[in-house]
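Shown next, in structure tokens, is the structure this report addresses.
The values are calculated or read from the model by the stated rules, or taken from the named source; none is laboratory data. All figures in this text were calculated on a predicted structure; none of them were measured in a lab. Neighbour counts run over all protein chains shown; Cβ positions are idealised from the backbone, glycine included. Ligands, DNA and RNA are excluded from the accessible area calculation, which covers all protein heavy atoms including side chains. Shrake-Rupley method; radii C 1.70, N 1.55, O 1.52, S 1.80 Å.
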Amino acid sequence: MTPVRVRDFVPEDAARWEAFVEHCGEATFFHRAGWRAILERCFGHRTRYLLAERGREVVGILPLAEVKSLLFGHALVSLPFCAVAGIAASDAEAAAGLQEAAQALGGRLKVAHLELRHPRARAAGWPQQDLYASFRKTLAPQVEANLLAIPRKQRAMVRKGIANGLVGRIDDRVDAFFALYADNVHRHGTPPLPKRYFEALRAAFGKDTEVLTVTDAAGKPLSSVFSFYFRDEVLPYYAGDAVEARQLAANDFKYWDLMRRACERGIKVFDYGRSKRGTGPYDFKKNWGFEPAPLAYEYCLYRRDSIPENNPLNPKYRALIAVWRRLPIRVANAIGPHLVKNLG
């Protein structure tokens, strides 16, 4: 058998890379080649994509980005802002070659750590962070069956939203979504991603992205979700809401409306995305009848003694979160993107 060779991605590889993503069972939406330019242009991260070949056949890929931060250090990550974007390979030899190449690259770059984000552990002996879990569920082919599959209490909230006259609409632009998203993260004390990032996602992935916004009967935006479509899956990935959304059950209605639309267009899997254990979104998704599947974020440590904990649950960031909540939202939206680029 021809041996596997791992090399750096070059722009001419884009079509072959995309074709591999489309057909490899281990690949996700976050492996798509379009993320490379987005991470570089929106956040200034230098990408280090690796391609495994056997002869002229692509047999594995690993997208990586180099993240440099005065606050959080120097890291090589697969990938910032992406739930699962680690090694995707068609066989064990290709996977091993990619892991070895990534480990060597981290050493050459003198990073503090290498982080590979996988759905399950595959780097034997590497320390893991088990903070995140994914929530995925197969949709029934009938709309009503999906509604009845929602646990009773959450189903009652969906019906409340319907009774309140809420309406879902598909937006061509990200303006309404971004206003709700930025307000939501500000209330939670975390900086927002820049608006240009969401616009770049729409430009790069086109019809495979969607913004669904829920309004009240008078047309006022209450809740919005930015979703990705990949193969036969829908991935509601970013969301935001107004303060009054909870009282009107707009969040439950929003996800039901997305699920209904996905079912009607033949989508088979609803991927609720990742959430941190011990948070409201984690419990919310469980209450919808989705079972958490722990994600394996694995680390090769070069210049640190423990895995990083760059997330809002870390107690040392609580004071910063409290301060951020008191900032005027215009100030938060202006300076937030300069901080959040290192948190993905």
In region 238-263, anything farther than 17 Å from Lys137 by Cβ and open to solvent by 20 Å² or more (accessible area, probe 1.4 Å) is listed as Tyr238, Ala239, Asp241, Val243, Glu244, Arg246, Gln247, Leu248, Asn251
Per the list (1) on the phi > 0 side of the Ramachandran plot; (2) in contact (Cβ under 8 Å) with a residue 60 or more places away in the chain; (3) among the small types (Gly, Ala, Ser), residue check on Ser90 breaks on (1)
Subset of region 72-110, residues touching a strand residue (DSSP E or B) at 6+ places or on another chain (Cβ under 8 Å) and basic (Lys, Arg), comes to Lys110
(1) open to solvent by 10 Å² or more (accessible area, probe 1.4 Å); (2) of a type outside the set (S, T, N, Q); (3) at pLDDT 95 or above; (4) more than 22 Å from Glu100 (Cα to Cα) all hold for Arg5 apart from (4)
Within region 264-282, the count of residues that are assigned to a loop (DSSP other than H, G, I, E, B), in contact (Cβ under 8 Å) with a residue 12 or more places away in the chain and open to solvent by 60 Å² or more (accessible area, probe 1.4 Å) comes to 3
Here the residues within region 33-48 that are under 16 Å from Leu116 (Cβ atoms) and open to solvent by 10 Å² or more (accessible area, probe 1.4 Å) are Thr47, Arg48
Region 166-239: strands (runs of 3 or more DSSP E) wholly inside it with 2 or more residues that are out of contact with any Pro (no Cβ under 9 Å at 6 or more places or on another chain) and hydroxyl-bearing (Ser, Thr, Tyr) are 221-230
Of the candidates Ala37, Ala27, the one satisfying the condition of being in a loop (DSSP other than H, G, I, E, B), at pLDDT 95 or above and within 30 Å of Lys195 (Cα to Cα) is Ala27
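Residues are listed down the side, and each one gets a yes or a no for (1) at pLDDT below 95; (2) over 30 Å from Tyr49 (Cβ atoms); (3) open to solvent by less than 20 Å² (accessible area, probe 1.4 Å); (4) touching a Phe, Trp or Tyr at 6+ places or on another chain (Cβ under 6 Å):
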position: Lys110; (1), (2), (3), (4): no, no, no, no
position: Glu115; (1), (2), (3), (4): no, no, yes, yes
position: Ala123; (1), (2), (3), (4): yes, no, yes, no
position: Gln129; (1), (2), (3), (4): yes, no, no, yes
position: Glu144; (1), (2), (3), (4): no, yes, no, no
position: Ala156; (1), (2), (3), (4): no, yes, no, no
position: Ile162; (1), (2), (3), (4): no, yes, no, no
position: Gly165; (1), (2), (3), (4): no, yes, no, no
The residue that is nearest to the chain's Cα centre (by Cα), considering only those in region 284-301 that are of a type in the set (Gly, Ala, Ser) and open to solvent by 10 Å² or more (accessible area, probe 1.4 Å), is Ala293
Counting only strands (runs of 3 or more DSSP E) wholly inside region 44-143, the ones holding at least 1 residues that are within 22 Å of the chain's Cα centre (by Cα) and among the charged types (D, E, K, R) are 65-69, 113-118, 132-138
Notebook entry, point to check: Is it true that some residue in region 159-173 is closer than 30 Å to Glu115 by Cα and under 24 Å from the mean Cα position of the chain (by Cα)?
Noted result: no
Of (1) buried (at least 17 other Cβ atoms within 10 Å of the Cβ); (2) in contact with a Lys or Arg (Cβ under 8 Å, 6 or more places away or on another chain), Thr138 fails just (1)
Here the qualifying pairs (Cβ atoms under 7 Å; residues six or more apart or on different chains; first in region 52-76 and farther than 21 Å from Phe9 by Cα and open to solvent by 10 Å² or more (accessible area, probe 1.4 Å); second in a strand (DSSP E or B) and of a type in the set (D, E, K, R)) come out as His74/Lys68
For region 143-154, pairs from a residue that is closer than 14 Å to Asp257 by Cα to a residue that is open to solvent by less than 40 Å² (accessible area, probe 1.4 Å) and among the charged types (D, E, K, R), with Cβ under 9 Å and 6 or more apart or across chains, are Ile150/Asp252; Gln154/Asp252
